[in-house]
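Shown next, in structure tokens, is the structure this report addresses.
The values are calculated or read from the model by the stated rules, or taken from the named source; none is laboratory data. Just so it is clear, the structure is predicted and the values come from calculations on it, not from any experiment. Note that each Cβ is placed from the backbone with ideal geometry, even for glycine, and that neighbours are counted across all protein chains shown.
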Amino acid sequence: MGSSLMRCRYCNIELAPSRSLVDGEFCCDAHRQEFRGKATSEPGTPPVSPALQMLRLRFPPLANAAAEPFHQPESEARGIEFEQTPDILKGESELSGMPTESGVETESTPQAGGSQSGRETAASWRWLKAAWRGAPRDLKLVSVLLPVLLVVGITGTVPKVPIQQLAPQNLDRVQSQLQKVVELQWKNVNRSISDRAAVAYADDFRSGLDAWVSRSNLTASWSYDVAGFVRPGPLAIFKPTVDLTDYRFEFLGELQQKAMGWAFRVQDFKNYYAMKFVVVKPGPLPLVHIVRYAVIDGKEGPHVDKPLPMTVRADMMYRIQVNAHGGDFTIMAQDQVVDFWSDNRLRHGGVGFFSNRGERALLRWVEVSHQYDALGRLCAYLAPYGIEGRNGNMN
């Protein structure tokens, strides 16, 4: 048990019970006045809480720290509570670096703006390091390559390497060969950027059907309704997509009667993959099946028929998405996967729509995109015009 005697708040000597009651925790009036005068003589010193003031009186500081002003830790200003242990209560100079139970190291109140700005700079660097570690790989690659690509894009040429240690008669020949090598490498860089560039095509059918090609007269076989929707007829191909390989094919359509059909990887009118949503049982909540097959050399292959795994309405607008990647295909309706399979017979080709006899559907818009990520969009912005792309198109 510790002593129950009170101590003078100025000189820390033990007080008799009568003295503590008379002078209010001071051994004499002079010490009380001196203590109050010292507390008010330092207006720039941060206020000390009564709890820490009593703790300081209970455990006096060492002699080498007695002359230093006592500062309230920032942890107390932030409301962080900590428990002090006897072996770290060695003076004001050690209170500022005392660890807490939660592992937070307290800091003393800064005396100058330099230390505060230094901590802010360190915190900013820590935030940048954490953000870089958590960033996607594509974003890191773009951040590294962007300065180089911008320099090359602005200058338009690669600096020539000076050669001064060759004989004069061989200098021109070597420089000519080096220039050819640089031009070849630069052309390969341009081709790589063009091949990685994003591709996106869209049509809402408001400007006509000039972007579509068919074996029949589209003006007579395809038609429009009063709302601007297009009603497909015989197979028509979206011309800008003919040379694509991997892409995402998306459209909005309505199944009005019997079936709604579309095609992808369309190489020509005799080789393509076909797919339909077919009404098996009509009604307000019709039963719809998915039917798909391949047309090779003008002949339809076996039909795969399965129920559509979702509830539909008779007047529902279908938002269909076809993802073609290599030999793998995924079909989504209303953002829900409804079918997937693999087939390696057709490796490239565009998209199209068709309606057979007795079938009727409406289309509102169609979009086809390829490599449409952040890196692809950057390469599309930097891709030089007039460079022949991977599929022979001029970008």
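Some notes on this structure:
- Looking across segment 234-270, the residues that are hydroxyl-bearing (S, T, Y) and in contact with a His (Cβ under 7 Å, 6 or more places away or on another chain) come down to T245, Y247.
- The number of residues in segment 322-366 that are more than 19 Å from L209 (Cβ to Cβ) and hydroxyl-bearing (S, T, Y) comes to 2.
- Per-region count, segment 282-327, residues small (G, A, S) and at positive phi: 3
- Evaluation of T311 against (1) surrounded by 12 or more Cβ atoms within 10 Å (Cβ to Cβ); (2) among the β-branched types (V, I, T); (3) farther than 18 Å from R248 by Cβ (one fails), failing number: (1)
- Evaluation of D339 against (1) surrounded by 15 or more Cβ atoms within 10 Å (Cβ to Cβ); (2) closer than 23 Å to V242 by Cα (one fails), failing number: (2)
- Residue in segment 205-213 that is outside the structural domain of G253 (by TED's automatic domain parsing), among the polar types (S, T, N, Q) and modelled with pLDDT of 70 or more present: no
- Selection over segment 112-145 of residues that are at pLDDT below 75, of a type in the set (A, V, I, L, M, F, W, C) and surrounded by fewer than 11 Cβ atoms within 10 Å (Cβ to Cβ) gives a count of 1.
- Flag if S216 is part of a loop (DSSP other than H, G, I, E, B), out of contact with any Leu (no Cβ under 6 Å at 6 or more places or on another chain), among the polar types (S, T, N, Q) and closer than 30 Å to H289 by Cβ: yes
- Options R357, R313, R347, R319: the member that is touching a strand residue (DSSP E or B) at 6+ places or on another chain (Cβ under 8 Å), under 30 Å from D225 (Cα atoms) and of a type in the set (D, E, K, R): R319
- Residue match in segment 314-324 (condition: surrounded by fewer than 17 Cβ atoms within 10 Å (Cβ to Cβ), more than 22 Å from I237 (Cβ to Cβ) and in contact with a Pro (Cβ under 7 Å, 6 or more places away or on another chain)): yes
- Segment 310-326, residues that are at pLDDT below 95 and not aliphatic (A, V, I, L, M): T311, R313, D315, H325, G326
- Residues being within 23 Å of P309 (Cβ to Cβ) and exposed (fewer than 12 other Cβ atoms within 10 Å of the Cβ) - total across segment 342-360: 1
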